Amino acid sequence: MILLLGGTGYIGQAFASELHARHLEHRSLSRHELDYTRFDVLLGVLRSARPQFVLNAAGYTGKPNVDACELDPGGTLAGNLLLPQTIAQACEVAGIPWGHVSSGCIYSGAKLPGPDGVHAVKDLTQPAARSIVDTRPETVQGYTETDLPNFCFPDPPCSFYSGTKAMAESAIAGLGSSYIWRLRIPFDEFDSPRNYLSKIQNYPRVYENVNSLSHRRDFVRACLDLWALRAPFGIYNVTNPGWVTTRQVAELIQARLKPRREFAYWASDAEFYRLAAKTPRSNCVLDVSKLLATGVVLRPVLEALDESLQHWQPAHPWSVTEP
Ligand SMILES: NC(=O)c1ccc[n+]([C@@H]2O[C@H](COP(=O)([O-])OP(=O)(O)OC[C@H]3O[C@@H](n4cnc5c(N)ncnc54)[C@H](OP(=O)(O)O)[C@@H]3O)[C@@H](O)[C@H]2O)c1
């Protein structure tokens, strides 16, 4: 049996569907049912139910976006740092392996070629970096699992949310047997306020940057595949190979869904942060070589985006596409 924590959430629901599709026996536990955030309660469940594996898809993301985490630091710390630490300790005491959904948002930018070799560039909106992205995309490299987070409390600026996600990785790294799966900007074909493709369609103006992304179903499949393959425990970037600019995604949406509106963009970072965002946003490219080397198969990000748009299921069909 696999124990799923946070199965009521956006990512947890995708884990639950995939476990169901694979006919894997599982139990989804909600705080409403049992307060698994308490060490004694969780350890009791682990000792009585003896799951083979624990999946932690619980966490505090902030709604409607990460700005909300700045207003609730206690809740953010509880969901993103204390909870994973509690799960790590309970799983270690019970001798049960587990997987934790982390985030790629602990990085900013990408690794770009420079006069002295490849180096990390945090802000890809700067003209020199953007020129490399546009004219030599093949030279853009993502951060690997051995690169230290650079959008976190020790390496600011960062959002409070990102800071807590990075702290959790350090806190659980040496405890027991665990996977740390880094998700990044989930999307799929189901229109939802949590889906990146829906968000882009609904923003009054689009923020242009460069990112790796995770197709939601591809992500949970890859995480479960790692466990099924008994791949070595540790940190894995779990994004669809490659990266995209927001403008590319908007163009794909235009081409496939033909929305009635034209996309408008923020004129600059300064304008975006003055009018639309409170805390800094992570935009980054991740390298997935470590994941692919295990034998886990993930399709390229453009393919996953296009397939999602081809099979788009609007929440309100009459409001999206031209006749
Ligand atoms: N969605 C994204 O864009 C994204 C991107 C990268 C990483 N992630 C990470 O993926 C994980 C799942 O995110 P999600 O988008 O599925 O979140 P979500 O929809 O908000 O669901 C999270 C679930 O976590 C549980 N939970 C346990 N303790 C909590 C606490 N203190 N505060 C809030 N919720 C708590 C809740 O389930 P119960 O109340 O039923 O127990 C809740 O339904 C999180 O760790 C998040 O940081 C998300």
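The values are calculated or read from the model by the stated rules, or taken from the named source; none is laboratory data. No experiment lies behind these values; they were computed from the predicted model shown. Positions of Cβ are backbone-derived with ideal geometry, glycine not excepted, and every protein chain shown enters the neighbour counts.
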Counting only residues that are crowded, with 20+ Cβ neighbours inside 10 Å and under 14 Å from the mean Cα position of the chain (by Cα), which one in the range 222-240 is farthest from residue 187 (Cα to Cα)? 236
Enumerate the pairs (first residue in the range 166-177 and farther than 14 Å from residue 107 by Cα; second residue anywhere and assigned to a loop (DSSP other than H, G, I, E, B) and aromatic (Phe, Trp, Tyr)) with beta-carbon separation below 8 Å, excluding pairs fewer than 6 apart on the same chain, so at least 6 apart or on different chains. 177/233
Considering 223, 158, which residue is touching a Cys at 6+ places or on another chain (Cβ under 8 Å) and within 15 Å of the ligand (Cβ to nearest atom)? 158
Can you confirm whether the range 244-252 contains a residue that is in a strand (DSSP E or B), out of contact with any Asp or Glu (no Cβ under 8 Å at 6 or more places or on another chain) and either of a type in the set (Lys, Arg) or closer than 30 Å to residue 68 by Cβ (or both)? yes
From the list 178, 159, 170, pick out the single residue that is surrounded by fewer than 18 Cβ atoms within 10 Å (Cβ to Cβ) and either more than 18 Å from the chain's Cα centre (by Cα) or farther than 24 Å from residue 242 by Cα (or both). 170
Inside the range 168-180, can you point out the residues that are part of a strand (DSSP E or B) and of a type outside the set (Ser, Thr, Tyr)? 180
Among 12, 44, which is the only one that is buried (at least 16 other Cβ atoms within 10 Å of the Cβ), at pLDDT 95 or above and not hydrophobic (A, V, I, L, M, F, W, C)? 12
For residues in the range 261-316 being more than 29 Å from residue 166 (Cα to Cα) and among the aromatic types (Phe, Trp, Tyr), which is modelled with the highest pLDDT? 312
Name the residue that is nearest to residue 285 (Cα to Cα), counting only residues in the range 181-210 that are assigned to a strand (DSSP E or B), more than 11 Å from the ligand (Cβ to nearest atom) and under 18 Å from the mean Cα position of the chain (by Cα). 210
Mind checking whether some residue in the range 211-228 is assigned to a strand (DSSP E or B), modelled with pLDDT of 95 or more and not polar (S, T, N, Q)? yes
For the list (1) buried (at least 24 other Cβ atoms within 10 Å of the Cβ); (2) in contact with a Gly (Cβ under 7 Å, 6 or more places away or on another chain), I need the number of the one condition that residue 92 fails. (1)
Name the residue, out of 217, 230, that is under 23 Å from residue 180 (Cβ atoms) and either among the hydroxyl-bearing types (Ser, Thr, Tyr) or within 16 Å of the ligand (Cβ to nearest atom) (or both). 217
